[in-house]
Amino acid sequence: MTQALTNAGYRVLGVDISESMLLIARRRVPDADLILGSLFQIDIPPCHAAISVGECFNYLFDPDGDRAGVVQLCDRIYNGLSSGGLLIFDIAEPGQVTSGSTNQGFKEGEDWIVMFEKSEDREREILTRRIISLRQVGEHYLRDDEVHHQQLYKATDLAEELGRVGFQVEIIRRHGSYNLPPAHAAFMARKPL
């Protein structure tokens with residue numbers, strides 16, 4: 001996303017909590033301003049748009065990454081946006097996994113495979129993803145294990161919160177002919193002119 005926006009002539013400020021991801025981004029997009037930090041804690045500069053892709057608002061990596069933290073972040077973004085500015089983001093919703101079950105699957109390429117397992121705590125609305133990645137390097141494979149925890153949000157509830165902040169909100173379930181996966185939503189929230 002950063003590369004596409006920079007190539008289109010936009011000035012981009014990117015934020016990531018992962019130093020490794022920032023190193024990759026800096027190699028790919030040297031003209032972007034990239035900072036290490038939590039999206040829930042950074043100062044929001046004056047801007048025309050704020051974009052968050054990949055369910056960033058759901059992740060429980062930060063003590064501020066709860067529902068109140070998401071609303072506070074949206075309020076700070078609203079205050080940083082110019083009139084008519086946009087906040088675009090996506091979320092995971094409850095219903096990722098059938099109650100009482102676990103989903104498993106994998107994706108593979110020529111020299112890699114990623115296996116995953118998902119479970120959902122319905123009462124607390126928390127999704128847990130266990131991910132194992134294998135990447136071939138020469139004759140051997142490197143293995144990486146990760147566990148991700150996400151707070152799940154109902155799109156309609158979050159839309160109400162965004163409306164209270166002042167945004168005009170559209171919930172999106174498809175982009176062109178591409179339908180978002182079940183229990184996922186994207187938002188286009190506009191600051192009024």
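Give the aspartates and glutamates whose C-alpha is closer than 20 Å to that of Lys107, dropping any in the same chain fewer than 8 places away, or say none.
Output for Lys107: Glu55, Glu117, Asp144, Asp145, Glu146.
Bin width 10 Å, origin at 0, all Cα-Cα pairs of region 1-101: what percent of pairs per bin?
P(r) for region 1-101, in whole percents per bin: 14, 43, 32, 9, 2.
Looking only at region 74-114, which residues have a backbone nitrogen under 18 Å from a spot 7 Å from the Cα of His175 in the C-beta direction?
Zone members listed by number: 86-93.
Please calculate how many Å² of accessible area region 41-163 carries per residue, with a 1.4 Å probe and no DNA, RNA or ligand atoms counted.
Here the residues of region 41-163 average 58 Å² of exposed surface.
If you take the square roots of the eigenvalues of the alpha-carbon gyration tensor of region 1-48 and sort them as a ≥ b ≥ c, do you get rounded (a/c under 1.5), prolate (a/b over b/c) or oblate?
oblate
May I ask for the equivalent-ellipsoid semi-axes of the chain, computed as the square root of five times each C-alpha gyration tensor eigenvalue and listed largest first in whole Å?
Listed largest to smallest, the semi-axes of the chain are 29, 23, 15 Å.
The values are calculated or read from the model by the stated rules, or taken from the named source; none is laboratory data. This is a predicted model, so every value here is computed, not measured. Cβ coordinates were reconstructed from backbone atoms using ideal geometry, including for glycine residues, and neighbour counts include every protein chain displayed. The accessibility values were calculated without ligands, DNA or RNA, using every heavy atom of the protein model including side chains. Shrake-Rupley method; radii C 1.70, N 1.55, O 1.52, S 1.80 Å.
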